[in-house]
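Here the structure is laid out as structure tokens; the discussion comes afterwards.
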Amino acid sequence: MMLLKQYTGWLVLGTLLFYLLSVTQLISVLLPTLLAWGANFAMWHTLAASAKRQVSWLMVIGSASLLFAGSQGIWMTWQQVFAVNLPMLAMFVAVSFLDLTGSTDKKRQLPTGFSAILNTALGVQILGAVINLSVILVFADRMKAAIKLTPVQQFILTRNFSAAAWWSPFFVATGVALIYAPGMQWQKTLIPGLAMGLVAIIFSSIEAYRRTKGEFNGYPIQRESLVIPIFLASSVILFHFIWPSISILVLICLLAPSATILLMKTASRKQSLLHFVNHKLPQIGSQFALFLAAGIFSSGISAIILCYPAVFNLDSFTFSPLLFSFVLAGMILVGIIGVHPVVSIAIASPMLLPLNPDPTQLGFLFLSAWAISAGSSGLTGLGLLMTSRYDIPTKTIVSNSLHYAIFMWLLCSAVNWIGLGA
């Protein structure tokens, strides 16, 4: 067991490397699957008690559902049970490398006023779109300084960070959407997604200014810090245009680590990378556990649906704008009360796919559910981070953003109906 813990980071890295090899069909997908579950086992002790409970319940319910379905003659393949979210885990490992390109500036004075609000909202969305969750910690720790992080600072950070899920190919939500909405064309959601992200920035910034009258300590964003995120996002779009046969997920898995090694600023790349693998990668246990458990849970739900097709039969429905809006509202609601978006997506996908929805519209539904619920909930990962690390009460997080969630839900419904549904 001690040996397993000692090499946890290498198991995590191996999940990415051998997944890429399995895509080329040089090796079986079994090897990266075993590495992913081995890493999950090694990192289990690092999980918080609440995360362990959620993951355990997902596995228990999923396993029980699979066993019951098996007794009815419905069996899922081992890939459907244990490897369904493997591409997403590989992507998560890949984008984790981008943390090595970040830097903090603790000397500059915190800016104030409306421009500080707007720049902070824009910065956390663009940087978070590529570097992911570590950006929240960098921004929040710097902004609170010796003072407690305020509720207004909290919603500026969480709403706009989560809004990157609408458009960023490096956000885990994109990987989820691509898997659970087979055939989704991410480039078709890019423009609507960018528009939604911009609305989130403007809506939140105006609200923050009205509530603080400009007395807001923002993050001292620098233009050069935005170069890498914009470069990487542009690279994904360019390479996908040149080689459309290569999936977005695989491109991200290749580009993120490669760009990090080329662009990282450090005295010794080798030492920085070794430290990252040995000390940073073993800290992503909650994500590994959640996505692997969600895969079992999703397979169990799918098996139950196959057992009782008449009960879950939605043949009388079509994937209309009204159904889109109704399902999105339900997914946002369960997200706000603490169900992780990947779980609600895992439930919704097998129920909606038999309706033969447009894959891009279905993907936009999943991206919207993730972006809105993650930015409005005090009980999912981002909200729990704000509660545990910065003492923002769960009730405050939800009450701060309930009106935001309703507004963005209505806007998403309109975008789907007018734009994607046309």
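The values are calculated or read from the model by the stated rules, or taken from the named source; none is laboratory data. Not measured: the values here are computed from a predicted model. Reconstructed Cβ throughout: ideal geometry from the backbone, glycine too, with neighbour counts over all protein chains shown. For the accessible areas, the whole protein counts, side chains as well, though only heavy atoms, and no ligand, DNA or RNA atoms are used. Shrake-Rupley method; radii C 1.70, N 1.55, O 1.52, S 1.80 Å.
Structure summary
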{"quantity": "Residues of region 240-384: accessible area per residue with a 1.4 Å probe, Å²", "calculated": "41"}
{"quantity": "Rounded if a/c under 1.5, otherwise prolate or oblate - region 125-283, Cα gyration tensor axes", "calculated": "oblate"}
{"quantity": "Distant alpha-carbon pairs in region 277-422 (separation over 20 angstrom), percent", "calculated": "55"}
{"quantity": "Among 164-176, 65-77, 326-338, the order from most to least packed when residues are scored by Cβ within 10 Å on average", "calculated": "164-176, 326-338, 65-77"}
{"quantity": "Selected from Gln125, Gln79, Gln154 as most flexible by GNM, with the chain as the system and alpha-carbon contacts under 10 Å", "calculated": "Gln79"}
{"quantity": "Cα gyration tensor shape of region 341-422, rounded if a/c is under 1.5, else prolate or oblate by comparing a/b with b/c", "calculated": "oblate"}
{"quantity": "Cβ-based net charge around Asp99, under 14 Å, with every Lys or Arg adding one and every Asp or Glu removing one", "calculated": "+2"}
{"quantity": "Computed over the chain: relative contact order in percent, which uses C-alpha pairs under 8 Å that are six or more apart", "calculated": "25"}
{"quantity": "GluC sites (Glu not before Pro) within region 195-275, DSSP loop, no more than 11 other Cβ atoms inside 10 Å", "calculated": "Glu215"}
{"quantity": "Burial ranking of peptide ranges 361-368, 392-399, 43-50, 10-17 (average Cβ count within 10 Å, highest at the top)", "calculated": "361-368, 10-17, 392-399, 43-50"}
{"quantity": "Gyration tensor (alpha-carbon) shape descriptor, region 196-328, a/c threshold 1.5", "calculated": "oblate"}
{"quantity": "Surrounding net charge for Leu149, when Lys and Arg each add one and Asp and Glu each subtract one, Cβ distance under 12 Å", "calculated": "+2"}
{"quantity": "Centre separation in Å (Cα based) which lies between region 18-83 and region 149-214", "calculated": "29"}
{"quantity": "Listed residues Ile347, Ile284 arranged by accessible area, highest first, probe 1.4 Å", "calculated": "Ile347, Ile284"}
{"quantity": "With every protein chain in place, region 261-387: carbon and sulfur % of accessible area (1.4 Å)", "calculated": "67"}
{"quantity": "Reduced Cα scattering model of the chain, Debye log10 I(q)/I(0), q = 0.08, 0.13, 0.15 Å⁻¹", "calculated": "-0.42, -1.18, -1.60"}
{"quantity": "With all protein chains modelled, accessible area of Thr150 [1.4 Å, Å²]", "calculated": "60"}
